[in-house]
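Here's the structure, in structure tokens; my notes come after.
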Amino acid sequence: MLQQHKTYVVMFFVACFALAAVAVFAAKPGQGRQSQVSVAEPADKPDESRLRPTAAVRERRAAEEPARRGSSNATLFAAAVEQNSLFKYELDWTFGGRQQHGWYLYVPLISRLIETDANAAPHHFASALARWQQSAGLAASGVLDDETLYRMVSEWQGSRLKDKTAAEAHQLLLAPASDFYDPARPDELRQVESATYAAYRRMVAAAAADPSLGLGVTPAGELAPSEKYLKIISSFRSREYQERLRRESPHSGRAGLAVHSPHFTGRALDLYVGGEPVETKDSNRARQVQTRVYKWLVKNAERFGFRPYYYEPWHWEYVGDLNAVEVKVADRR
Ligand SMILES: [Zn+2]
């Protein structure tokens, strides 16, 4: 009799354990998607529904507690802030067939895209991101996950130079050696498409006039010969030159040896923004994206018609002044 009673007790506990296991399993939504990211989940991972506040919830809370709007915003995005602090350095994603880690290298570009300050507090960042996600048709989670990052990358890539036609000789001018990072660069490698060069000069004049950048400037307002920042590292490269480079170092995987380089157009400029001039190692790019000059370019280059190649902080492409084109069209009417 006692033996039978013991068996019932054991069976009761086994049943309880099985039920608990089922409940735990069922309470973990989104496991499939999350598994793409090799980040240890925080132990107290919140229910995913809390990561996706709707605009309606935000508006209602803001209306109810106008005086505590800031703190309610911080509470609302607490879970997103926690996820972002992990994803910033750990999010696994791919670009150009290579594994990438985190999005910390792109904070200046991301901040500009989502219209918030690059030094914004984490909950302001999450809240600005949620607004951008909503405008982009994504779930407004405030979490910068892989889906959101891929959308951002396609925005950046989509605003680059579309016409990759190689420049003809009459479209190029020979820029003075003093504009180059290496003033000993031969004539063949100092050619720039003429409208691009004019825009580059306007942009550099604006940077030189900005005292917050602390650039070395001549009395005439030009970059001093000793100043390295914003000098041109590389401009027009002919197909012949590029092919010669490839023959000389056939195993080099560098983007500089690309078969369809935007440098063929004469409208792509590699500018010195700090660190090793053109080195894609994360540690080098981390130095570059923190320089005042790089941050200035992210904020201002577009005014002069230049767009970034997000992956190479030094590479900028002249797509022209789109506003000027619109003005011309309006004038004709
Ligand atoms: Zn380049």
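P176: net charge of surrounding residues, Cβ under 12 Å, Lys/Arg +1, Asp/Glu -1, itself excluded? Counting the neighbours of P176, the net charge comes to +1.
Taking all Cα pairs closer than 8 Å and separated by 6 or more residues, the relative contact order of segment 96-182 comes to 15 percent.
Taking amide H as placed 1.01 Å from N in the peptide plane, G305 has no amide H partner under 5 Å among residues 5 or more places away or on another chain.
Annotation: amide H-H contacts under 5 Å for S234 (H modelled 1.01 Å from N, sequence separation of 5 or more, or interchain): D270. Maximal additional length on extending the A120-Q157 stretch stands at 10.8 nm, based on 0.36 nm per residue less the C-alpha distance.
In sequence order, segment 79-90 has phi-based couplings of 5, 5, 4, 5, 4, 4, 5, 7, 4, 3, 10, 10 Hz under the Karplus curve 6.51 cos²θ - 1.76 cosθ + 1.60, θ = phi - 60°, and Gly or Pro positions carry x. Working from label points 7 Å from Cα in the Cα-to-Cβ sense, the A224 to S212 distance is 2.2 nm. Computed from phi, the 3J(HN,Hα) profile of segment 107-124 under the Karplus parametrisation 6.51, -1.76, 1.60 (θ = phi - 60°) reads 4, x, 5, 4, 4, 5, 4, 8, 6, 9, 6, 4, 9, 4, 4, x, 6, 5 Hz, with x in place of Gly and Pro. Between E188 and Y150, the C-beta separation translates, for a Förster distance of 25 Å, into a calculated FRET efficiency of about 0.05.
Near Q100, the amide H atoms lying under 5 Å from its own belong to W93, T94, F95; only residues 5 or more places off or on other chains count, and H is placed 1.01 Å from N.
Relative contact order of segment 121-250, please, whole-number percent, based on alpha carbon pairs below 8 angstrom and at least 6 residues apart. Computed value for segment 121-250: 17 percent relative contact order. Remark: relative contact order (segment 169-325) = 21 percent; criterion is Cα-Cα distance under 8 angstrom and separation of 6 or more residues. Backbone geometry of segment 305-315 corresponds, through the Karplus equation with coefficients 6.51, -1.76 and 1.60 at θ = phi - 60°, to 3J(HN,Hα) couplings of x, 9, 10, x, 9, 4, 7, 10, x, 8, 9 Hz, x marking Gly and Pro.
Each reported figure results from applying straightforward, stated rules to the coordinates on display, with no laboratory input. No experiment lies behind these values; they were computed from the predicted model shown. Every residue, glycine among them, receives a Cβ derived from its backbone with ideal geometry; neighbour counts consider all protein chains shown.
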